[in-house]
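One structure below.
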Protein chains: 2
Amino acid sequence: MKKILIIGAGLSSSSLIKYLLDRSSEYKWKVLVGDISEELAKKKVNGHVNGLGFMFDVNDASQKERLVQEADIVVSMLPAYMHFTLAQTCVKYGKHMVTASYVSNEIKTLDQEAKQKGVLLLNEIGVDPGIDHMSAMQVIDRIREEGGEINEFESNTGGLVAPKYDNNPWNYKFTWNPRNVILAGQGASQFLHNGKYKYIPYHKLFERTERISISNLGEFEAYANRDSLKYREIYKLQNVDTMFRGTIRRPGYSRAWNVFVQLGATDDSYVYQDSENHTYRQFINSFTQYSATKTVEQKIAEYLKIDPESEIMYKIRWTGIFEDKKIGLKAASPAKILQHLLEQKWAMEPDDKDMIVMQHQFVYTKNNIKKKIYSSMVVYGEDQMHTAMSITVGTPLAIAVKMILTGKINLTGVHMPIIKEIYQPILKELEDFKIKFIEEEVDWVGVESGA
Amino acid sequence: MKKILIIGAGLSSSSLIKYLLDRSSEYKWKVLVGDISEELAKKKVNGHVNGLGFMFDVNDASQKERLVQEADIVVSMLPAYMHFTLAQTCVKYGKHMVTASYVSNEIKTLDQEAKQKGVLLLNEIGVDPGIDHMSAMQVIDRIREEGGEINEFESNTGGLVAPKYDNNPWNYKFTWNPRNVILAGQGASQFLHNGKYKYIPYHKLFERTERISISNLGEFEAYANRDSLKYREIYKLQNVDTMFRGTIRRPGYSRAWNVFVQLGATDDSYVYQDSENHTYRQFINSFTQYSATKTVEQKIAEYLKIDPESEIMYKIRWTGIFEDKKIGLKAASPAKILQHLLEQKWAMEPDDKDMIVMQHQFVYTKNNIKKKIYSSMVVYGEDQMHTAMSITVGTPLAIAVKMILTGKINLTGVHMPIIKEIYQPILKELEDFKIKFIEEEVDWVGVESGA
């Protein structure tokens, strides 16, 4: 039996583990699942005859060495910064490794040695990054093969609550790591628009959204991701005029979120004084000027030049930030305080389901005619364990593991899924899991103004 | 002869070295001046019979050990992050050390050992920090001795061009490190106002200025410094309702500077693409949205909601940022590009003189009567070498060195000049150098609105 070692049994591993266990008898696989929580690892294996859940401590070097040595392939679901030492061990013992994380500069340094050892380090094969790469490259390669040239590329992705369960004024719930949502966009965002480099500082990001529309789902908005420029090289799109990657929210989210950004309430760089005993109202008041006569609500509306009865202010009030309720967190940053409040308001209910929405836009020229393709994917969660996020992250990872173990992928070195021999069979099989893209082609109607 | 070792012969050392050399025969001092540039060190010593200028490399451990061992006292004019290893060497060989920099957490760890060795590590004895501490503590201690209680404390300082040479629309020139001016205020500012903690994020800092007025000099504005709260403990003002420290500019500076902040042009965290070949106009355009029809000037006025013919836009145009002139800097951040432009526009002319402006405001209660004291200092530069900055940084340092060597200060351990036995004689002697505070007392007229 071939041994698959999966490290990390969190939410994103559920669908990965299920896929591999479901096929373990057919392919003669042993699926070993290690997690810092033995209970969680065992729960995910669920007593399957070909599975084993156990306690794994990434800091226990001897356990790590032994397990990697005994495995045929390793899947790391650890936080990204923990991949490197594991990857070193995999290269040392000649074992393939697969992750859903971005290729770090550290991981890149292992390329030569991995090639010498005949080892594949396959990264960025979850959803974003992962499905985004594969589905974009499929269209890009096809247009090129047909003699077209890509002029513009834009890609937006979002994790949201499914429409049926979308019942708060923000049209948003936490379907993934809340901390990442609170800190989203910090730093400057860079992209290319109609041949011009564009930079947006954090405090302007949520004002510069653009509208997008997805068939049968309605309207969304997108704000720019940090670095869109690096994808030019990865996708070999050095000659495009527009290169933009963004995050999808429902319309109105960004302008309301911008209130917290403008006030400074998303700052994670300092400790808010006496956070344990202050109330949320005191907290939000600390970002406004002192006044002996005005309410906090009045001060914020004036400071940020917002209509006090607007939809924006309604969303802010709904969070409970104006309530005189104790925060109760010790030595917390503003970002942590805001996260704590929103975890209570934006929580998924037990029966809620999430969705992943992704849309690429390609403008290309063929025979002197310009066309635009919209390629959109919508995936819904099944239940609390097999969320849309878990399905879309775990399934491509699992298919890649199968292809490597069955000799369908024979690469060595550090890779991401941008070559046809990887993306084509994976996208094909993903359709069995209702993960598919719908394409619409329209005539190109001229320069659009974007973010 | 007693040996005074001065490390660093830059602009801020000029008045320090002159003071010590002028008194070297009387007190029998040898003044040793080391700098990475031997030429600069020799120039500052200017052939004085009791002086010696030489090349000093802070990374040459054996030279450092030898020089410290031979010295009676060490003055470090190095950048703040370099003080620690030098301080360790001073403690090792039982030598006193004096600096104009903030006490770092690292320096604090040396307190016990310094006491055991009978060594004084005296810090924050320049102008800001330095003269600010001493002059504030003198008033605070006096009010307390007279039975008063301090309710509010505010202190603002600025380095500016002297009125006679103040001839550009910003009423500002670089009289000190330009990089610090470009990056000023990044991070969040914290202070206390009428009993409330207040936090201002960077992108709101330059909108939340307050006006101040200095007799015979006219109007100024001040924006908040990063951390005003820590001064409560240092000055033993734990019970004050208002604690604010700020930076002084001429009115209108901050609102115009805010344009660069809002656009993101002061960001030092990433490299602007192709900075060498782009023009300043392309650079500033990169922070605005794409438009096929509008000029950059129009776009900025609309984006930031500024009257295109306003004083603010006039200041921005004056910098040359809209000109199609090549930047010519390789791989530069936005902050570096902006600094490069302004170094050409905000340069001091050879005959220009600078000034340092400082004003404290104290509200106190005595016998149930509330009063307010304004205590203001204005110092003008003498020439290019003895600038107001050099005089106000170097003279208190030099006086402290004299007092330590003549046994007038007998402290050991890590200190700053907040105790009477240090500040009283130093402030007294500073008056001989036209460094003095003018006090005005007025009746307190009620709660003011501040930043």
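Here are the numbers:
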read-out	value
In Å, descending, principal axis extents of the Cα set of the stretch A:1-130	39, 29, 28
Separation between Cα centres of the stretch A:93-142 and the stretch B:270-299, rounded to whole Å	35
Positive-end extreme of charge dipole, chain B - chosen from B:W29, B:G130, B:A265 (charges on Cβ)	B:W29
Cβ-derived FRET efficiency at R0 41 Å, A:N239 paired with A:V49, nearest 0.05	0.15
Percent antiparallel among DSSP beta bridges (both partners in the protein assembly as shown, rounded to 5)	60
Links that overshoot a 24 Å alpha carbon limit, given the list A:K204/A:K299; A:K299/B:K196; A:K236/A:K370; B:K18/B:K173; A:K28/A:K434	B:K18/B:K173; A:K28/A:K434
Using distinct alpha-carbon pairs, which all enter the 1/r mean, Kirkwood radius of chain B in Å	23.7
Antiparallel bridge percentage (DSSP; both residues within chain A; nearest 5)	60
Label point 7 Å beyond Cα along the C-beta direction, distances from A:E26 to other copies (nm, shortest first)	9.7
Rounded to the nearest 20 debye, dipole of the stretch B:34-159 from Cβ charges on Lys, Arg, Asp, Glu	580
For chain A, accessible area per residue (1.4 Å probe, heavy atoms of protein chains only), Å²	41
Mean-position separation - Cα centroids, the stretch A:1-63 and the stretch B:1-52, in angstrom	71
For the stretch B:390-450 and the stretch B:226-262, distance of Cα centres in Å	21
Rel. contact order, % - alpha carbon contacts under 8 angstrom, at least six apart, the stretch B:256-344	48
For B:Y272, distant residues with modelled amide H under 5 Å away	B:A332, B:S333
Which of B:Y102, A:Y270, A:Y27 is most accessible, then next, and so on - probe 1.4 Å	B:Y102, A:Y27, A:Y270
Semi-axis lengths (Å, descending) of the ellipsoid that matches the C-alpha gyration tensor of the stretch A:256-344	20, 14, 12
When each of A:K3/A:K64; B:K371/B:K402; A:K315/B:K198; A:K95/A:K230 is checked by Cα-Cα distance, pairs over 26 Å	B:K371/B:K402; A:K95/A:K230
Approximate spin-label separation B:L229-B:E145, in nm, with each point projected 7 Å along Cα-to-Cβ	3.3
Under 19 Å from A:K345, Cα to Cα: aspartates and glutamates that are on another chain or at least 8 residues apart	A:D166, A:E311, A:E323, A:D324, A:D354
Buried area at the A-B interface (accessible, heavy atoms, 1.4 Å probe, summed, Å²)	3200
Label point 7 Å beyond Cα along the C-beta direction, distances from A:A292 to other copies (nm, shortest first)	5.7
Inter-copy separations for A:Q238, label at 7 Å along Cα-Cβ, nm, ascending	6.5
Span-rule helices in chain B, defined as complete DSSP H runs reaching 20 Å or more along the axis (Cα) with Kyte mean at least -0.5	B:131-145, B:388-405
Burial ranking of peptide ranges A:190-200, B:178-188, A:384-394 (average Cβ count within 10 Å, highest at the top)	A:384-394, A:190-200, B:178-188
3J(HN,Hα) from dihedral phi, the stretch A:103-118, Karplus parametrisation 6.51/-1.76/1.60, rounded to Hz, x for glycine, proline	5, 7, 4, 4, 4, 4, 5, 8, 4, 4, 5, 4, 4, 4, 8, x
Residues in the stretch B:183-204 occluded by at least 50 Å² - accessible area, probe radius 1.4 Å, against chain by itself	B:Y197, B:K198, B:Y199, B:H203, B:K204
Loop-located trypsin sites (Lys or Arg not before Pro) in the stretch A:351-413 whose Cβ has at most 14 other Cβ within 10 Å (DSSP)	A:K408
Of all accessible heavy-atom area on the stretch A:256-344, the percent that carbon and sulfur account for (1.4 Å)	48
Farthest positive-ward along chain B dipole, Cα basis, beta-carbon charges - from B:V139, B:Y165, B:Q282	B:V139
Estimated distance in nm for a label pair at B:N367 and B:D432, the labels positioned 7 Å out from Cα along Cα-to-Cβ	3.8
Axis-nearest residue in chain A [Cβ, rotation onto B], distance in whole Å	A:H203, 2
Exposure rank, largest accessible area first [B:T295, B:T395; 1.4 Å]	B:T295, B:T395
Cα-centred dipole magnitude for the stretch B:256-344, charges only on beta-carbon of K, R (+1) and D, E (-1), debye, nearest 20	120
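The values are calculated or read from the model by the stated rules, or taken from the named source; none is laboratory data. The structure presented is a predicted model; accordingly, all values stated were derived computationally and were not measured. Every residue, glycine among them, receives a Cβ derived from its backbone with ideal geometry; neighbour counts consider all protein chains shown. The area values use the complete protein model at the heavy-atom level, side chains included, leaving out ligands, DNA and RNA. Shrake-Rupley method; radii C 1.70, N 1.55, O 1.52, S 1.80 Å.
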